[in-house]
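Trainee: So that we are looking at the same thing, I have put the structure below in structure tokens.
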Amino acid sequence: MLHKMLQLAGQLTSRGKLSILIYHQVLSEFDPMRPTEPTAQMFDWQMRLLQQYFTPLSLDQALHHLKHNTLPPNAVCVTFDDGYLNNLTVAQPILAKYAIPATVYIATAFSTGRNMWNDRLIHLFAAQSRQQLQLDDEQVQLGDWQDRRNKAQQWLKQLKYLPLAQRLDKIDQFYRQNNADEQAALMMSPAQIKQLADCGVTIGAHTVNHPILKVIPEQQQRQEINQSKQQLESWLGSPVQHFAYPNGAKNTDFDDITVKLVESNGFVSAVTTDWGISTADTSRYQLKRFTPWDKTAGHFHLRLIKNASGF
Ligand SMILES: [Zn+2]
């Protein structure tokens, strides 16, 4: 892991390499169920570092530079997946403070107050009023935060590759079994998405229902891809040209059929979650990304880049 970061740090310092960072949420305060999600405070120093030591670009600028082989050194794009409300309320003011361009990819079905299945599942494990959960015919004991986190992760993994409808049925059933209340809406409404776009943030599509595209029929994939684009364009009144594959790992979550569908449906780029950097040779429909440094390794990683760059 560390070696990989060192390697990446080296690559970052040379010309012609684009680094695209993935975020999901930026939390107003630390959440013990999501210890890897940055808080506002962490996101602030990360963006300050980007502003000081990197060359933050919008996705359109970066694509232009990739095409003409004119990428500046330490080129970086900031992206967010899914469409969390805290992208607007917490992240955007920090992005604006440091003038960092960003792209937010939205799964449109969750813009009407419904939360994503993974957040709904985590919410069940997070409730401090609950010491155990009844999940199917299994009784799950809930201990400290780490125990709750681990068990939530196990169940997330177990449900992730079920067909979408079946997965949602399961979550509904778990809520009934435990007599649980839904939490407040975590995602942006159409008006909030428009507000974010009006702040200069690029809006991209991320399907309607956030399915694992590879496991659904081609026709359904096409619908998921097209409808999210059309829906966003009608909310924004402007074209939506960038796409992010849900879950995003090539051959596990999407394949060449998906890539072709995205390419033939009016998008100019698509990002994966496959770790790495992108160059002029990378398909613009399979751009690589990576998740930003965590709290401790980050200092180290960035110090290296700083040194290697001769600052
Ligand atoms: Zn996603």
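The values are calculated or read from the model by the stated rules, or taken from the named source; none is laboratory data. As the structure is a prediction and not an experimental result, all values here were calculated from the model. Neighbour counts run over all protein chains shown; Cβ positions are idealised from the backbone, glycine included.
Trainee: Checking Arg34 against (1) touching a residue at least 12 places away in the same chain (Cβ under 8 Å); (2) farther than 28 Å from Gln231 by Cα; (3) more than 16 Å from the ligand (Cβ to nearest atom), which test does it fail?
Mentor: Of the numbered conditions (1) touching a residue at least 12 places away in the same chain (Cβ under 8 Å); (2) farther than 28 Å from Gln231 by Cα; (3) more than 16 Å from the ligand (Cβ to nearest atom), the odd one out for Arg34 is (3).
Trainee: A further question on this structure: In the stretch 67-88, how many are within 16 Å of the ligand (Cβ to nearest atom) and outside any strand (DSSP E or B)?
Mentor: Count: 4.
Trainee: A further question on this structure: Find all pairs meeting these conditions: Cβ atoms under 6 angstrom apart; at least six residues apart or on different chains; first residue within the stretch 113-135 and in contact (Cβ under 8 Å) with a residue 24 or more places away in the chain and over 14 Å from Arg148 (Cβ atoms); second residue among the polar types (S, T, N, Q) and away from the ligand (no atom under 16 Å from the Cβ).
Mentor: Gln134/Gln177; Gln134/Asn178
Trainee: Out of all the residues in the stretch 241-252, which are out of contact with any Phe, Trp or Tyr (no Cβ under 7 Å at 6 or more places or on another chain) and within 16 Å of the ligand (Cβ to nearest atom)?
Mentor: The answer is Pro246, Asn247, Gly248, Ala249, Lys250, Thr252.
Trainee: Right, here's the next one. Among the residues of the stretch 167-206 satisfying the criterion of being under 26 Å from Thr103 (Cβ atoms) and of a type in the set (D, E, K, R), which is farthest from the ligand (Cβ to nearest atom)? It would help to see each step written out before you state the result.
Mentor: Restricting attention to the stretch 167-206, the residues satisfying the condition of being under 26 Å from Thr103 (Cβ atoms) are 184-206.
Still in the list and also of a type in the set (D, E, K, R): 194, 198.
Values: Lys194: 20, Asp198: 23 Å.
So the residue we want is Asp198.
Trainee: Here's a follow-up. Just the residues that are of a type in the set (A, V, I, L, M) and either within 14 Å of the ligand (Cβ to nearest atom) or not assigned by TED's automatic domain parsing to the domain that holds Val208 (or both), please, taken from the stretch 253-294.
Mentor: Those that are of a type in the set (A, V, I, L, M) and either within 14 Å of the ligand (Cβ to nearest atom) or not assigned by TED's automatic domain parsing to the domain that holds Val208 (or both): Ala270, Val271.
Trainee: Something else about it: Looking only at the stretch 230-266, count every residue that is crowded, with 23+ Cβ neighbours inside 10 Å, more than 23 Å from Asn118 (Cα to Cα) and touching a Gly at 6+ places or on another chain (Cβ under 8 Å) and tell me the total.
Mentor: Number satisfying all stated conditions: 2.
Trainee: State yes or no: is Arg130 in a loop (DSSP other than H, G, I, E, B), basic (Lys, Arg) and within 16 Å of the ligand (Cβ to nearest atom)?
Mentor: No.
Trainee: Report, by residue number, each residue of the stretch 190-206 that is more than 26 Å from Lys160 (Cβ to Cβ) and in contact with a helix residue (DSSP H, G or I) (Cβ under 7 Å, 6 or more places away or on another chain).
Mentor: Pro190, Gln192, Lys194, Gln195, Leu196, Ala197, Cys199, Val201, Thr202
Trainee: What about Arg114, is it within 16 Å of the ligand (Cβ to nearest atom), surrounded by fewer than 19 Cβ atoms within 10 Å (Cβ to Cβ) and over 30 Å from Asp281 (Cβ atoms)?
Mentor: Taking the combined requirement at face value, the residue satisfies it.
Trainee: While we're looking at this one, here's another question. May I ask you to say which residue of Ser228, Ser238 is touching a Ser or Thr at 6+ places or on another chain (Cβ under 8 Å), modelled with pLDDT of 95 or more and assigned by TED's automatic domain parsing to the domain that holds Arg15? Give the derivation first.
Mentor: Numbers: Ser238 fails: touching a Ser or Thr at 6+ places or on another chain (Cβ under 8 Å).
Answer to the selection: Ser228.
Trainee: For the subset of the stretch 3-30 comprising residues that are exposed (fewer than 15 other Cβ atoms within 10 Å of the Cβ) and of a type in the set (D, E, K, R), which member is modelled with the lowest pLDDT?
Mentor: Among them, the one singled out is Lys4.
Trainee: Against the condition modelled with pLDDT of 95 or more, more than 16 Å from the ligand (Cβ to nearest atom) and basic (Lys, Arg), how does Lys97 come out, does it pass? I'd like the intermediate steps shown before the answer.
Mentor: Numbers: modelled with pLDDT of 95 or more: yes; more than 16 Å from the ligand (Cβ to nearest atom): yes; basic (Lys, Arg): yes.
When the stated conditions are applied, Lys97 passes them.
Trainee: Here are some residues: Ala152, Ala107, Ala126. Which one is surrounded by 14 or more Cβ atoms within 10 Å (Cβ to Cβ), in the same structural domain as Phe80 (by TED's automatic domain parsing) and in contact with a helix residue (DSSP H, G or I) (Cβ under 9 Å, 6 or more places away or on another chain)?
Mentor: Only one candidate qualifies: Ala107.
Trainee: Could you list, in sequence order, the residues of the stretch 56-83 that are in contact with a strand residue (DSSP E or B) (Cβ under 9 Å, 6 or more places away or on another chain), surrounded by fewer than 18 Cβ atoms within 10 Å (Cβ to Cβ) and farther than 25 Å from Pro246 by Cα? Can you show your working first?
Mentor: Restricting attention to the stretch 56-83, the residues satisfying the condition of being in contact with a strand residue (DSSP E or B) (Cβ under 9 Å, 6 or more places away or on another chain) are 56-63, 65-66, 71-83.
Still in the list and also surrounded by fewer than 18 Cβ atoms within 10 Å (Cβ to Cβ): 58, 60-61, 72-73.
Across the stretch 56-83, the qualifying residues are Pro72, Pro73.
Trainee: Applying the selection to the stretch 207-226, what residues are farther than 19 Å from Leu162 by Cα and within 16 Å of the ligand (Cβ to nearest atom)?
Mentor: Ile225
Trainee: May I pose another question? Among residues belonging to the stretch 267-282 that are buried (at least 17 other Cβ atoms within 10 Å of the Cβ) and polar (S, T, N, Q), point out the one that is farthest from Lys214 (Cα to Cα). Give the steps one after another, and end with the answer.
Mentor: Residues of the stretch 267-282 that are buried (at least 17 other Cβ atoms within 10 Å of the Cβ), as a first pass: 267, 269-274, 276-278.
Still in the list and also polar (S, T, N, Q): 269, 272-273, 278.
Numbers: Ser269: 18, Thr272: 13, Thr273: 14, Ser278: 23 Å.
Restricting to residues being buried (at least 17 other Cβ atoms within 10 Å of the Cβ) and polar (S, T, N, Q), the top hit is Ser278.
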